[in-house]
Number of protein chains: 4
Amino acid sequence: MDKVRVSIAGGSGYGGGELLRLLLFHPHVEVLQATSERHAGQPVSRVHPNLRKQTQLQFAALADLQPCDLLFLALPHGEAVRQIDHFISLAQRIVDLSADFRLKRPEDYREWYHAEHPRPELLHEFVYGIPEIHRDQMRTARFVSSAGCNATAAILGLYPLYKHDLVSGPAIVEVMAGSSEGGNAASESSHHPERSNCLRSYKPTGHRHAAEVLQELPAGDGRSIHFSATSVDMVRGILATMHVFLKDDLEEREVWKIYRRAYADEPFVRIVKERDGNYRYPEPKLLAGTNFCDIGFERERGSRRLVVMSAIDNLMKGAAGQAVQAFNIMHGFPERTGLEFPGLHPI
Amino acid sequence: MDKVRVSIAGGSGYGGGELLRLLLFHPHVEVLQATSERHAGQPVSRVHPNLRKQTQLQFAALADLQPCDLLFLALPHGEAVRQIDHFISLAQRIVDLSADFRLKRPEDYREWYHAEHPRPELLHEFVYGIPEIHRDQMRTARFVSSAGCNATAAILGLYPLYKHDLVSGPAIVEVMAGSSEGGNAASESSHHPERSNCLRSYKPTGHRHAAEVLQELPAGDGRSIHFSATSVDMVRGILATMHVFLKDDLEEREVWKIYRRAYADEPFVRIVKERDGNYRYPEPKLLAGTNFCDIGFERERGSRRLVVMSAIDNLMKGAAGQAVQAFNIMHGFPERTGLEFPGLHPI
Amino acid sequence: MDKVRVSIAGGSGYGGGELLRLLLFHPHVEVLQATSERHAGQPVSRVHPNLRKQTQLQFAALADLQPCDLLFLALPHGEAVRQIDHFISLAQRIVDLSADFRLKRPEDYREWYHAEHPRPELLHEFVYGIPEIHRDQMRTARFVSSAGCNATAAILGLYPLYKHDLVSGPAIVEVMAGSSEGGNAASESSHHPERSNCLRSYKPTGHRHAAEVLQELPAGDGRSIHFSATSVDMVRGILATMHVFLKDDLEEREVWKIYRRAYADEPFVRIVKERDGNYRYPEPKLLAGTNFCDIGFERERGSRRLVVMSAIDNLMKGAAGQAVQAFNIMHGFPERTGLEFPGLHPI
Amino acid sequence: MDKVRVSIAGGSGYGGGELLRLLLFHPHVEVLQATSERHAGQPVSRVHPNLRKQTQLQFAALADLQPCDLLFLALPHGEAVRQIDHFISLAQRIVDLSADFRLKRPEDYREWYHAEHPRPELLHEFVYGIPEIHRDQMRTARFVSSAGCNATAAILGLYPLYKHDLVSGPAIVEVMAGSSEGGNAASESSHHPERSNCLRSYKPTGHRHAAEVLQELPAGDGRSIHFSATSVDMVRGILATMHVFLKDDLEEREVWKIYRRAYADEPFVRIVKERDGNYRYPEPKLLAGTNFCDIGFERERGSRRLVVMSAIDNLMKGAAGQAVQAFNIMHGFPERTGLEFPGLHPI
């Protein structure tokens, strides 16, 4: 089989580095170029030292980007939409990891990003990048907009409940996340003596990923989703803990059936719910480097609260891994291709 | 002034060790004895190495406990109530750090501890140990039952709201806690390779401290509080993030006034809410070794959700520090005595 | 090609789990059995949760072990030698991850393990398991004894220097290691509140792996190697920092040539020495899950000291990964087979 | 007693913050001013959030510094010497925490700092700031130059051995240190995803603190000290592991006597050497916030190697704490004044 020739615009960030790690080992991919303005001409392994002795590839400048079959965009937010026409001229297919094309309604973009979307007419050409929800559209899509990391964890955790209209009243989504979510640019808030040992409310309200959750969850009646994000002393990983109240007094095994039915055939969703041991619930510790989304839940006795837990690696299922999963779907490859790494224990 | 002669039954655990650290430096205290069955006859600094060169005190056996002015009980849950008559015969005053006498209604004990309380007639002789709520009773109390650590964080965070009946519908309390909360006994779940890097749902539902929160918060109408606990990779510290919906559309500065009024004169409660910097909200990282409870909040735009954050050191304001604060109140000492340590930054 | 049928005696520990992770994905391997007395009958993924949805394999009891082509022994030290005749009767080839057959001279075993070796006549049938030194013997070996993790890091770091007799006087080997090195059994010293944030002298002198280093390094004149081990707050990973004094005043590029020549064709040894950036020297952070040994060095100006740094993942190049590398050599497979994972950045 | 009126030039860094924490609670000190160019006019608690509700002090600009009794300089290296005449005009006594006046010989400064010292005539007016060595000079000193953090750990660990001329041949000093050593300025190397989980050779050779060690240790014959520094995932704390070879075959109890004699009356040096337990050797984990230097050692059987371990909190005994200790000596206060905090366990 001919290899798909791909390039990465924005290859020096954490998302770009993870794409490189995955694509360099993908059996059906040839990586043509990865760009970095700051590091153009340097080996990619200077910036991504895990790739030492794995590749001779050097960064190219964005201006030197050549035509390819599919272009991954891992640029800072705002850059993808600014140069989108150029990118479309270079590649028939695009997977954008930024937030630029995630929201489908221009008014949502205005509300959450406090600006007019520069190219609203393109929004609906980008399929929102969660395969478990939009797989069919992806098969024929030219453009995919990869989902936000926190949004991915929340949406996959809540989707079966909202799809079947089981939730009554507001849902609380509490996301705890590691520092790699903030990207590779150093700042006062990422300074190790300040960020280490932290347990820090990051966005108690107003997190932009909430807009994606609201967009993607089936509406039902009176849907009301409230998002908070907290930073923990971890590099990779997201745990979303979601609190909903059920319309009906479902028993745990009924909830179990709903999740099983929703995700039984999904290669990257696992229902995690064990009676004992250290790993009774989903946990990002186990997921570093993997594309899994682990989902668990627990019913509260004496109320209708259901607590749903959802864990991912923010750079994998929350970014590069999910993008490669979309890539596989777009090209008809088995979805697991290049994404088989099972994770480490202990770590 | 004559010193108060105190002893500690159960001095080898983390709570007992923290009591020793505080009481050995307390200007109005003479520590007579600290007991440990396993370490009887050994210097306390063998078990609490931070006390090296600070004291010559050795552990005594519980059977050798002598009469004293006030006895701190830092025994495993169930032990305090089992021997309570003996302890009462030894000391006129008792501060119990265990959960044995926290719940005032025997039916609550039955529901949450799945057993009949052995001495229900004593429950009301123990003042629930949060000074900010029960200071007046403490002044004349013989017995104080120190509050649970998670409960302390949640109660102090929510109290002003429930006192003024401002909350509508259910409240979600998400507590994130470090490993010292589990005590000093090694187990499979505390094994470093498993517990390190964890972000682990510990009690999504059913945490016993919820019973204390329900007991202590003023009832209002339709009070409904839902508690979850998550373990993070930290030794000391608790962050409680609480999500409530306000009856009225209060602005942030109105909420601010309510908290200011509630806690203005409190020596150990600080309202933390800054516009920028790393420490805009309460954070346990800053509180290691201190007796503070830092409280902050944020209104969500477009809904009536209020997010309240409350942070403590679980071994201090969540255990030994709060017990010494109660001790100070019981003896008419200034509340800050022996509790002045301001915490470290960075740490 | 027919698959090699392998089993693992002692599959529930960290070494056994890592073997399972590697072998289940190895293209030329069929895993027949993995044993665990405690977990017999349970899915291996109950103990190794990273293997959820990866395998249906269940643990067998050791007594139920069936004949196979190659048997990996990942038993507690002492168990392999105790039952070695039985294991030899089951499999033509054995790779033992324990320390039982590492030392070739019974007197060394006596000195370092304070006991007579039970089966000294077998010691020379086991090839010491560092492929970079014993590859040729491994090709035809029936038995391989996997090297100690700290010993592997130290030996690979120092080997080129001692091979060319470049060292004068004593060498100091300072090994810093994570907690997984201690295995999966909880203890007071592995209790998270005690082990977390630690920077703890573990074996300032007397570490048994020193015996392996002394055995494997070419003798030269006056060889004298002094080993210390320090525990750090990390789960996986070893950094060995080695201080030697050179006989001759070699420049850095001469040292470079010596290392390049020694390891140029090695698939799992990388010379790491960069002028700037965060990763100028070898670092275990980059190696989690990989089989690499990264080696770097630096000459001190004004003296003949050479500092050599060597980093590995203790469960991979220090245990299971190196065992699979040996397995590949024994069967003529390309050495990288099943060991291609490049590691994660950041992590 | 009248309080000593002190000010801090450079109060916004980690050293300055720690000085503020100590001096605000010091019974014989009145803090007049703390300067920060960037934060002038802001409350010091904005930058040092552990001081919230502890002080109303605001930062002043350096230009507004008023006369005081003693001036602490916690400025970036190079700034103290540049403005030293001005500082001398403001205060009769100065304690400088920077490296500007540590080295007594201009040629040492040239060698290690690669520049001519701007004011070599002042070097000998500054007493090198380790009280255990220079206490007598401090009593009458006008100026003290606080010792480097790594140097303090190494010098206190090795001093008794070199004083009695017990060492033969080269000594290896391996220092492991946390991130607060690097100060409060964010950089690529302090970015949390890169710095977290690190075990990173920082200065295998060429660390400037080596110059202080060479200066302060008694010369003996053939003294040769070789310094390396490694960064670990910790905020506060230094562990120095030192490897020396003894001239004579001293038994451990003889070594013990030497250390006991050297430090018996020292309020902040503890000999730590226990037979069992988690804390057999010195460990910085126990020392956060304290002014202790814990020292331990172990003889290697079969060689003359002695391993000496020395642990401190780099911001306390390695900086602000030792500076306050010097301050106490300069004013005839008991040395422990304001430095009594015993440290936390667990932490």
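The values are calculated or read from the model by the stated rules, or taken from the named source; none is laboratory data. Every value quoted in this text rests on a predicted model; they were computed, and no experiment measured them. Every residue, glycine as well, gets a Cβ built from its backbone with ideal geometry; the counts of neighbours run over all protein chains shown. Surface areas here come from the heavy atoms of the whole protein model, side chains and all, with no ligands, DNA or RNA. Shrake-Rupley method; radii C 1.70, N 1.55, O 1.52, S 1.80 Å.
Once the Cα atoms of helix D:320-331 and of chain D are each reduced to a long axis, what angle between those two axes, in degrees from 0 to 90 to the nearest 10, is obtained?
Rounded to the nearest ten degrees, it is 80.
Past the 25 Å Cα-Cα mark, which pairs from C:Lys285/D:Lys317; B:Lys203/C:Lys285; D:Lys104/D:Lys247; C:Lys247/C:Lys273?
Numbers: C:Lys285/D:Lys317 30 Å; B:Lys203/C:Lys285 31 Å; D:Lys104/D:Lys247 29 Å; C:Lys247/C:Lys273 22 Å.
Checking Cα-Cα distances, C:Lys285/D:Lys317; B:Lys203/C:Lys285; D:Lys104/D:Lys247 exceed 25 Å.
If you count the DSSP beta bridges with both ends in chain A, what percent of them are antiparallel, to the nearest 5?
45 percent
Nothing charged except the Cβ atoms of Lys and Arg (+1) and of Asp and Glu (-1): what's the magnitude of the dipole of the stretch C:139-195 about its Cα centre? Round to the nearest 20 debye.
Taking the Cα centre of the stretch C:139-195 as origin, the dipole is about 400 debye.
Using a/c under 1.5 as the rounded threshold, could you call the protein assembly as shown rounded, prolate or oblate? The axes a ≥ b ≥ c are square roots of the C-alpha gyration tensor eigenvalues, and prolate needs a/b larger than b/c, oblate otherwise.
Verdict is rounded for the protein assembly as shown.
Just the number, please: percent antiparallel of the DSSP beta bridges in the stretch D:150-312, rounded to the nearest 5. Provide the component values of the computation, followed by the final result.
On the way: 26 of 36 bridges.
Roughly 70 percent of the beta bridges in the stretch D:150-312 run antiparallel, per DSSP.
Find, among the GluC sites (Glu not before Pro) in the stretch A:22-98, those assigned to loop by DSSP (not H, G, I, E, B) with at most 16 other beta-carbon atoms within 10 angstrom.
Details: sites: A:Glu30, A:Glu37, A:Glu79; in loops: A:Glu37.
Loop-located and lightly packed - A:Glu37.
Helix C:14-24 versus the longest principal axis of chain C: what is the Cα-based angle in degrees, 0 to 90, to the nearest 10?
Rounded to the nearest ten degrees, it is 70.
Where the centre of each part is set by its Cα atoms, how far does the stretch A:5-81 sit from the stretch C:41-82, in angstrom?
41 Å
Output, in nm with one decimal and in ascending order, the distances from the A:Arg38 label point to the matching label points of the other copies (7 Å from Cα along Cα-to-Cβ).
Sorted ascending, the copy-to-copy spacings read 1.8, 4.6, 5.0 nm.
Across peptide B:301-311, what mean number of C-beta atoms from other chains lies inside 10 Å of a residue's C-beta? Don't skip to the answer; put the middle values down first.
Details: counts 3, 4, 5, 1, 8, 2, 8, 1, 5, 0, 3.
Average neighbour count from other chains, rounded to a whole number: 4.
Please give the helix C:252-263 orientation as an angle from the longest Cα principal axis of chain C, in degrees from 0 to 90, rounded to the nearest 10.
So the helix axis and the longest Cα principal axis differ by about 20 degrees.
Which is farthest toward the positive dipole end of the stretch D:150-312 among D:Gly169, D:Cys198, D:Ala153, measuring Cα position about the Cα centre, with Cβ charges +1 (Lys, Arg) and -1 (Asp, Glu)?
D:Gly169
Classify the stretch D:150-312 as rounded, prolate or oblate from the Cα gyration tensor: take a ≥ b ≥ c as the square roots of its eigenvalues, call it rounded if a/c is under 1.5, otherwise prolate when a/b beats b/c and oblate if not.
prolate
Using 7 Å Cα-to-Cβ label points, what is the C:Glu252/B:Glu340 separation (nm, one decimal)?
It works out to 5.2 nm between the two label points.
Which loop-located trypsin sites (Lys or Arg not before Pro) does the stretch A:1-67 contain, where loop means any DSSP state but H, G, I, E or B and the Cβ has at most 14 other Cβ atoms within 10 Å?
A:Lys3, A:Arg38
Report the Cα centroid-to-centroid distance between the stretch B:169-227 and the stretch A:141-163 in angstrom, as an integer.
Result: 28 Å between the Cα centres.
If I take R0 = 51 Å and measure r between the Cβ atoms of B:Asp165 and D:His86 in this structure, what FRET efficiency does the formula 1/(1 + (r/R0)^6) give, to the nearest 0.05? Don't skip to the end; give the middle numbers.
Values: r = 61 Å, r/R0 = 1.19.
Working from the Cβ atoms, E equals 0.25.
Considering only DSSP beta bridges whose two residues both sit in the protein assembly as shown, what percent are antiparallel, to the nearest 5?
Looking only at bridges with both residues in the protein assembly as shown, the antiparallel portion is about 45 percent.
The stretch B:131-163: which trypsin sites (Lys or Arg not before Pro) are DSSP loop and have at most 15 other beta-carbon atoms within 10 angstrom?
Answer by residue number: B:Arg142.
Spin-label point model (7 Å from Cα, Cβ direction): what's the C:Glu111 to A:Arg223 distance in nm?
So the two model labels end up 7.3 nm from each other.
Copy-to-copy spacing for C:Pro106, label 7 Å out on the Cα-to-C-beta vector, in nm, shortest first?
7.1, 7.3, 8.9
What average number of partner chain Cβ atoms lie no more than 10 Å from the Cβ of the residues making up D:205-217?
So the per-residue partner count for this stretch is 1.
Once the Cβ-Cβ distance between D:Asp276 and B:Glu37 is put in as r, and R0 is 22 Å, what FRET efficiency do you end up with, to the nearest 0.05?
Plugging the Cβ-Cβ distance into 1/(1 + (r/R0)^6) gives 0.75.
Under a 1.4 Å probe, what is the accessible area of the stretch A:150-312 per residue, stated in Å²?
31 Å²
Distances in nm, one decimal, shortest first, from A:Asp2 to the same residue in every other copy, taking the label point 7 angstrom along Cα→Cβ.
A:Asp2 label point versus its equivalents elsewhere: 4.2, 9.1, 9.8 nm.
Please list, in chain and number order, the residues 5+ apart from C:Gly183 or on another chain whose amide H is under 5 Å from its amide H, with Hs placed from the backbone.
Distant-sequence amide H within range of C:Gly183: zero hits.
Compute the separation of the alpha-carbon centres of the stretch A:254-298 and the stretch C:259-278 and state it in Å as a whole number.
Going from one Cα centre to the other spans 40 Å.
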